[in-house]
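The values are calculated or read from the model by the stated rules, or taken from the named source; none is laboratory data. On a predicted model such as this, the values are computed, not experimentally measured, just so you know. Here Cβ is always computed from backbone atoms with ideal geometry, including for glycine, and neighbour counts include all displayed protein chains. Side chains are part of the model used for accessible areas, which takes the heavy atoms of the whole protein and leaves out ligands, DNA and RNA. Shrake-Rupley method; radii C 1.70, N 1.55, O 1.52, S 1.80 Å.
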Amino acid sequence: MPNSSSMPQFLLLAFADRRELQLLHFWLFLAISLAALLANGLILSAVVCDHHLHTPMGFFLLNLSLTDLGCICTTVSKAMHNSLHNTTTISYMGCAAQLFFFFFFLGAEFSLLTIMCYDRYVAICKPLHYGTLLGSRACAHMAAAAWATGFLYSLLHTANTFSLPLCQGNALGQFFCEIPHILKLSCSGYLRELGLIGVSICLGFGCFIFIVFSYVQIFRAVLRIPSQQGRHKAFSTCLPHLAVVSLFASTGIFAYLKPPSISSPSLDLIVSVLYSVVPPALNPFIYSLRNQELKDALRKMMTGCFSGSIKCRVSGV
């Protein structure tokens, strides 16, 4: 029975067998990565540079952009490397590192989305207590708790998963290292990891219930606002967050809870892309399209850069 520590590498699932399709996949993922890097980079720059965005929501949005960048870089970079070099291998330590960082950023992101929901709830339902409940120190503590939760969540799962003996080969049915596919290779002793997964599902479901309950209270409060302009402003600050939560939750739930009868390697591959690549890439566009303050800050920043470039060219002439 081979020990997991003696296994030099894993085999990841290839997106295609033909070289032309592999290169197409590389260029497609490269475009997605560059778009995500550019969009999240613009949001980070806008939040840092514009004092109008030095708010609790801006601070949490900055942290959310960091988690999105982390998720994209963790999964997509290795998939691009394998497609470009016509290989499917990943080292044992590389697989452990990829799993750790992916679940670290994933856990931190879901924690941040829950905190951002609380921010919207306080802002709309308890506006007089907003400065007290969400001061700078409270926001820093909540963000630190979100990152610490992601770290602890990832550390426990990674350490437990890679302590299992593996005897079912080394082929993972996924384009990146993921816990369920590694568990399929284990001989025994995975009940502890299943217990951790069950606890994680319960905690995630509790956060989801909190988000749903908060938005019920938020929408009830918004509908009581007398002016149409006030209702529109309240909705414009809530809808981007709700859209991001819905995209994050729906793709993850479908990936892990879809019926086995409709499961297939090609469908599993598409679904894994939907929940690991699409949400981090779309989140900045959702926020930039719906958040008026963020759009104004991005417009101001881009206009300033464009004007500065013109001045430099004129002075150079």
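Structure notes:
- Test: residue in the range 50-61 that is closer than 29 Å to L164 by Cα and among the hydroxyl-bearing types (S, T, Y): no
- Residues satisfying the stated conditions in the range 150-169, i.e. of a type outside the set (G, A, S), in a helix (DSSP H, G or I) and within 24 Å of V273 (Cα to Cα): F151, Y153, L155, H157, T158, T161
For every residue, the table says whether it meets (1) in a helix (DSSP H, G or I); (2) within 25 Å of the chain's Cα centre (by Cα); (3) within 22 Å of V122 (Cβ to Cβ).
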position	(1), (2), (3)
F176	no, yes, no
R192	yes, no, no
G198	yes, yes, no
C207	yes, yes, yes
S214	yes, yes, yes
F219	yes, no, yes
I225	no, no, yes
G230	yes, no, yes
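- Apart from one condition, N86 fits all of (1) surrounded by fewer than 24 Cβ atoms within 10 Å (Cβ to Cβ); (2) part of a helix (DSSP H, G or I); (3) in contact (Cβ under 8 Å) with a residue 40 or more places away in the chain; the exception is (2).
- Close Cβ contacts (under 7 Å, 6 or more residues apart or on different chains) running from residues in the range 28-41 that are closer than 15 Å to T67 by Cα to residues that are part of a helix (DSSP H, G or I) and open to solvent by 50 Å² or more (accessible area, probe 1.4 Å) comprise A39/F285.
- Filter result for L23 (open to solvent by 40 Å² or more (accessible area, probe 1.4 Å) and part of a helix (DSSP H, G or I)): yes
- Any hit, the range 99-110, residues being outside any helix (DSSP H, G or I) and farther than 30 Å from D17 by Cα: no
- Residue list for the range 170-196, filter: more than 24 Å from V273 (Cα to Cα) and surrounded by fewer than 15 Cβ atoms within 10 Å (Cβ to Cβ): C187, S188, G189, L191, R192, G195
- Residue within the range 246-258 that is at pLDDT below 80, in a loop (DSSP other than H, G, I, E, B) and among the small types (G, A, S) present: no
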